[in-house]
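Some notes on the structure that comes next.
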Amino acid sequence: MSNPASPPVVGVLAERPPLTFPPGFLWGAATAAYQIEGAATEGGRTPSIWDTFSHTPGRVVAGHTGDVACDHYHRLDRDVALMAELGLRSYRFSVSWSRVQPGGAGPVNQEGLDFYRRLVDQLLANGIEPWLTLYHWDLPQPLEDAGGWPTRDTSARFAEYTSLVAGALGDRVRYWTTLNEPWCSAFLGYGSGAHAPGRSDPADAVRAGHHLMLGHGLAVQALRSSARSDAEVGVTVNLYPVTPATDSPGDADAARRIDALANRFFLDPLLRGAYPVDLMLDLERVADFGHVHEGDLDTIAAPLDLVGINYYSRHVVAAPAAQAPPQPYWRTPSCWPGSEHVRFVTRGVPVTDMDWEIDPPGLVETLQRVYEEYTDLPLYVTENGSAFVDTVVEGHVDDPDRVAYFDAHLRAAHQAITAGVPLRGYFAWSLMDNFEWAWGYTKRFGMIHIDYRSQVRTLKSSGRWYAEVIRRNGLAAQ
């Protein structure tokens, strides 16, 4: 298979026709609790694994933590006003489990729930649909101390927590995501150790992946019992098209392996109720799948109302080489148990500040694949965005590379819709600059610039551009 065509140079928008999206298309932006909220020890909140991880020397760039982050906890009013200024139709946020249920089990913290009640009420008052994500990587530390996601009981605790949140907000929140990017939680958190909790055990990573999905299935059951009758329940997975570097059998097998771990490890149980046979064979020396109990896969494959897809880039892979270059953190061998020998190939195409290759055609491929091979459920791009170096000049932030990135990917999304994919919405990542996990505050994805010392918010040119996209329900001619 030949390599896909390189995307256009970012920052240069060629002449392109106007495009209109379907009526009712849901335009939104997304954030995550630990990345923006701050107030890490206020209002009854206790440490999550990301508090512990970020306070451990050497884990996060420059020793940054989410203690203050964007101070969203105290600046909720201003931030919702900015969402309204952008014209957002929906806002995807996550709930901090340790703010709502500090022990990870047991009593609810009403003060924590009240924060989310205020957020939901203000969103609705401004005509913005709340889209609630229950888990965006911040497991309460007591549950990690008890074994974390490799331990089966964590799945049951997640269902209990889900019931608490749904009981408080289920009458006002229509859209629910159970998990965000379980691959990252499992394989970066328990495989490579690049993310919290920072453990490196391939068998634990595989078990964590299964128990995350089991928790998802149990949470779906809890939501069906507690949320409003018209609730739309789904899960968000981060997906990648995986391309062999050449037509060689070795490269083809490398692509099959990485596709199995990155994509099919989650898609198949969630949407087909089974693990892929080839994946289980690849993982034979790592895990015997004895952690999969009778009935688990039926629970995991509970019927959904939608599927969320986070898309950022493509994986191009090859068979081992005698001298392979060092790999970035999301491509280190420990992220890929059973396939540690696979080599990730850099193609020399434009990249973001995260060193992620920019590949809009990959979004079309990903959406079409999920629709054609897995489900006809409504699909949503629940994250898509780019980090670039931004500078405030006389109170303004001009970020043409980000505008070009959004433009190219929205055109790809429109292409998928034209081809028949039931894509119903798009959420830009991110609403604002934030704590970018192990990169701390050194990477900026936001449409709103955050001065982390003064907490001054500055709408970037990409934010103004996106507001026009929402107003038009589409893209203007360029």
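The values are calculated or read from the model by the stated rules, or taken from the named source; none is laboratory data. Since this is a predicted model, take the numbers as computed values, not measurements. In this analysis, Cβ positions are derived from the backbone assuming ideal geometry, glycine residues included, and neighbour counts consider all displayed protein chains. Accessible surface areas use protein heavy atoms only, side chains included; no ligands, DNA or RNA. Shrake-Rupley method; radii C 1.70, N 1.55, O 1.52, S 1.80 Å.
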If each residue of separation counts as 0.36 nm, what is the full-extension length gain between A419 and D153 once their alpha-carbon separation is subtracted? 91.5 nm
Rolling a 1.4 Å sphere over the protein heavy atoms, what is the accessible area per residue of segment 274-325, to the nearest Å²? 45 Å²
Would segment 302-458 count as rounded, prolate or oblate if I go by the C-alpha gyration tensor, calling it rounded below 1.5 in a/c and otherwise prolate when a/b exceeds b/c, oblate otherwise? oblate
Residues of segment 89-117 with amide N under 18 Å of the 7 Å Cα→Cβ point at D171: 110-111, 113-117
Just to be sure I understand the model, the point goes 7 Å from the Cα along the line to the Cβ. What's the resulting R453 to E394 distance in nm? 2.2 nm
Per residue, how much accessible area does segment 53-136 have with a 1.4 Å probe, in Å²? 35 Å²
How much of the accessible area of the chain, in percent, comes from carbon and sulfur atoms when a 1.4 Å probe is used? 52 percent
Rough spin-label spacing in nm, given labels placed 7 Å along Cα→Cβ, for A274 and T41: 5.3 nm
I'd like the FRET efficiency for Q327 and R347, computed as 1/(1 + (r/R0)^6) with the beta carbon distance as r and R0 of 22 Å, rounded to 0.05. 0.90
The chain: C-alpha gyration tensor shape, a/c 1.5 cut-off, then a/b vs b/c: rounded
Over segment 329-478, average the accessible area per residue using a 1.4 Å probe and give it in Å², no decimals. 35 Å²
Longest exposed-loop-site-free stretch of the chain, with GluC sites (Glu not before Pro), DSSP loop and at most 16 other Cβ within 10 Å? 43-283
Ordering T65, T178 from largest to smallest accessible area (1.4 angstrom probe), what's the sequence? T65, T178
Note on segment 35-119: alpha-carbon gyration tensor, axes a ≥ b ≥ c; rule is a/c under 1.5 for rounded, else prolate if a/b larger than b/c, else oblate; result oblate
What ranking of H64, H210, H293 comes out by heavy-atom accessible area, probe 1.4 Å, highest first? H293, H64, H210
